[in-house]
Amino acid sequence: MSDPLIRVENVSYAYDVPGAPPRQALIDVSLDLLANQLVAIVGQNGSGKSTLARHLNGLLKPVTGRVLVDGVDTRAEPVGRLAARIGYVFQNPDHQLFLPSVRAEVAWGPRQLGMEGAQLTTRVDETLARFGLGPIADRHPASLGRGLRRLTALAAVMAMDPRGLVLDEPTGGLDHRLTGELMAMLRALTAEGRLIILITHEMPLVAEYADRVVVLRQGQVIGDDTPAALFDQPELLAATSLAPPEAARLAHALQPLGMPAGIATPEGFVAACADLLAGRR
C-alpha cells in the first residue's frame, strides 16, 4: 500500500465563541487519504465536514494532533506553499475570483509560486485549454454564469498543479449536464494520480463517482467505506440523516427476494434485476 498523500492523526479542533465555552468541531479524527482516489466527506450540517476539509491544506491548524501533507506537518508550513500541494475550491466561486479576466485568475496562482515568462504563458494556455475556457479567457468572471465561474475557480487552482484537490459542494446550482461534465473532469484527475476530496450532500453523486465515503457526526468519523457498503447500512444512514439514493434504497428493500447487497447506482440496480430475472427463467 502506498504512503498516504494526507495523513490526519488524532486531530481535534474547537472554535472560539465569545462569552461561551469553545465549540468543539472535530474530536480525535484520524484518516489516511491516498492519491488516485475520489473521497466524499458527508454528514449533516455542523458535523465538521468543512472544518476537516480546511485542515487538509492548512487553512486551519489542529488544536491537538497533526496533519501531514506529503509528509510535511501543516503547522510548520505556510498556507501559500500548502496550496501548491492541496488546492481548495470554495462552495461559492465568487469567494475566490477577484481579478478582471479568466486568464488573470488562472495565471495568479502559478505567478505567486514564482512562475514567469514563457513557462507561465504555457501553463496558463494549457490550463485554459484543458478546462475549455480559451474562448472566454479575456472575459471578466463576473460576466459568466455560475457553471463557468465554478470552472474558472477550479482551473485557477489546478494551474498550480496540486497533487490533491478539495471541493466544497462543487455541484450546487449546476444542472445535470454541467454536473456530469464537472465530475468527469474530477474522475480524470484521479486517473492522473491526484487525490480529489468532495464535500457534498448529494448522495446520488457519491454513489456514482466516489471511491470512498467518510461519514462525520458531531465532529467524529463514524463511517469510512465504499459507497455501496455505506448505502447498505440503514442504521448508520439514519443516525446521520443521510438519504440513500433511490436505487440503493430499492435494492436494499429487495434483498429478501434475492437482490445482492452493495447496489448503489441505477445501472447496478438494472443489471442486478436482469441477472435475477435471467436466473428465474
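The values are calculated or read from the model by the stated rules, or taken from the named source; none is laboratory data. Given the structure is predicted, the values throughout are model-derived calculations rather than measurements. As a convention, Cβ positions derive from the backbone with ideal geometry for all residues, glycine included, and neighbour counts pool all protein chains shown. Please note that ligands, DNA and RNA were not included when accessible areas were found on the heavy atoms of the full protein model with its side chains. Shrake-Rupley method; radii C 1.70, N 1.55, O 1.52, S 1.80 Å.
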**Q.** Within the stretch 166-279, helices (runs of 4 or more DSSP H) holding 1 or more residues that are in contact (Cβ under 8 Å) with a residue 60 or more places away in the chain and either open to solvent by 30 Å² or more (accessible area, probe 1.4 Å) or not aromatic (Phe, Trp, Tyr) (or both)
**A.** 176-191, 203-209, 227-230
Q. How many residues does the stretch 236-271 contain that are in contact with a helix residue (DSSP H, G or I) (Cβ under 7 Å, 6 or more places away or on another chain) and farther than 20 Å from Leu205 by Cα?
A. 3
Q: Give the residues of the stretch 95-113 that are open to solvent by less than 40 Å² (accessible area, probe 1.4 Å), part of a helix (DSSP H, G or I) and closer than 18 Å to Leu82 by Cβ, sorted by residue number.
A: Gly109, Pro110
Q: Could you run through the stretch 143-162 and say how many residues are in contact (Cβ under 8 Å) with a residue 24 or more places away in the chain and either in contact with a His (Cβ under 7 Å, 6 or more places away or on another chain) or surrounded by fewer than 18 Cβ atoms within 10 Å (Cβ to Cβ) (or both)?
A: 2
Q. Got at least one residue in the stretch 128-140 being surrounded by fewer than 14 Cβ atoms within 10 Å (Cβ to Cβ), touching a strand residue (DSSP E or B) at 6+ places or on another chain (Cβ under 7 Å) and in contact (Cβ under 8 Å) with a residue 24 or more places away in the chain?
A. no
